[in-house]
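Engineer: To start, I am sharing the structure in question, which I have written as structure tokens.
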Amino acid sequence: MGHIIMFKVSRTIKQKIIALLKWMHKPFIRIIPDETFRYGVTGGLNTVLDIFLYFITYNFIIKKEVVDLGIVAFTPHIAAFLIVFPVTFFTGFLLAKYVTFTASILRGRKQLFRYALTVTGAIVLNYLLLKLFVEVFGIYPTPSKAIITIIVVIYSYMMQRYFSFRTSTILKKNRISVIQQKE
């Protein structure tokens, strides 16, 4: 019984988010495709959440101190990234699957696996660039994270659109003809 209620609540939330995004997209409908607009908004919200949680974690939870687990020690900027990551991984996947790339015909498990591969690439980029920006270039961690986010967003969009949540060519052609008929 509880599962049914959760399903109905999540479906209602999804429908409300999509309706809000369609309304917000109206001024840009001729400039930006719907899927790209949705990615921009949902990805932007997830990115803001990521940076906010990173800031809180780095400054108030870790308190800018090395996190020593005995076996390995993490610098504060890397530890904050590792703590925040699971939260934004799942919110990002759910938004991408249920709000942004809804035309994907891939099964959920395959999407999640591909999304995990895409995110693994993003983690490697984040890690290497954080090390480079903070430890080599001497830039403060939070501004470094913000700059790196721009680079990673471009990578993530391309990978999600064409790999993680790929749609079939036939489906895309049908969707384009439906859009043209509406105009």
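Engineer: Rg to Rh ratio, segment 16-86, alpha-carbon atoms and Kirkwood radius? Don't skip to the answer; put the middle values down first.
Structural biologist: Details: Rg = 18.0 Å, Rh = 14.4 Å.
With Rh from the inverse mean 1/r over Cα pairs, Rg/Rh is 1.25.
Engineer: Compute the acute angle (0 to 90°) between the alpha-carbon long axis of helix 2-25 and the principal axis of greatest extent of the alpha-carbon atoms of the chain; round to the nearest 10°.
Structural biologist: Once rounded, one gets 80 degrees.
Engineer: Of the listed peptides 124-135, 90-101, what is their order by residue-averaged count of other C-beta atoms within 10 Å, with the highest listed first?
Structural biologist: The packing order, highest mean first, is 90-101, 124-135.
Engineer: Hey, another quick one. Could you give the angle, 0 to 90 degrees to the nearest 10, between helix 76-95's Cα long axis and the longest principal axis of the Cα atoms of the chain?
Structural biologist: Computed tilt is about 10 degrees.
Engineer: For an R0 of 30 angstrom, estimate the FRET efficiency from the Cβ-Cβ distance between residue 14 and residue 65 and round to the nearest 0.05.
Structural biologist: Details: r = 40 Å, r/R0 = 1.34.
Efficiency computed from Cβ-Cβ geometry: 0.15.
Engineer: Can you give me the Rg/Rh ratio for segment 78-153, using Cα atoms for both radii and the Kirkwood formula for Rh? Don't skip to the answer; put the middle values down first.
Structural biologist: Working: Rg = 14.3 Å, Rh = 13.6 Å.
Result for segment 78-153 is an Rg/Rh of 1.05.
Engineer: If I compute Rg and Dmax of the Cα atoms in Å from the structure I just sent, which labelled value in [x] 15.0, 44; [y] 15.9, 47; [z] 18.8, 63 lines up?
Structural biologist: Read-out from the structure maps to [z].
Engineer: Going down the table (110/145; 22/97; 97/131; 26/110; 97/145; 22/110), which pairs top 23 Å between alpha carbons?
Structural biologist: On the way: 110/145 29 Å; 22/97 17 Å; 97/131 31 Å; 26/110 32 Å; 97/145 25 Å; 22/110 27 Å.
Among 110/145; 22/97; 97/131; 26/110; 97/145; 22/110, the Cα-Cα distance tops 23 Å for 110/145; 97/131; 26/110; 97/145; 22/110.
Engineer: If you don't mind, there's one more thing I want to ask. Which residue, 29, 78, 18, tops the fluctuation ranking in a GNM of the chain built on C-alpha contacts under 10 Å?
Structural biologist: Per the Cα network of the chain with a 10 Å cutoff, 29 tops the list.
Engineer: Keeping the other protein chains in place, figure out the carbon and sulfur percent of the accessible area of the chain, with a 1.4 Å probe.
Structural biologist: Details: 8400 of 11830 Å².
After summing per-atom areas, the C and S share lands at 71 percent.
Engineer: Can you give the calculated 222 nm mean residue ellipticity of the chain, where each DSSP H run of n ≥ 4 adds -39,500 (n - 2.57) and the sum is split over every residue, rounded to the nearest 500 deg cm²/dmol?
Structural biologist: Details: 6 runs with 123 residues, N = 183.
One gets -23000 deg cm²/dmol as the mean residue ellipticity at 222 nm.
The values are calculated or read from the model by the stated rules, or taken from the named source; none is laboratory data. From a predicted model like this one, the values you see are computed outputs, not experimental measurements. Neighbour counts are summed over all protein chains in view; Cβ atoms, including those assigned to glycine, are modelled from backbone coordinates with ideal geometry. Note: accessible area is taken over every heavy atom of the protein model, side chains too, but ligands, DNA and RNA are not part of it. Shrake-Rupley method; radii C 1.70, N 1.55, O 1.52, S 1.80 Å.
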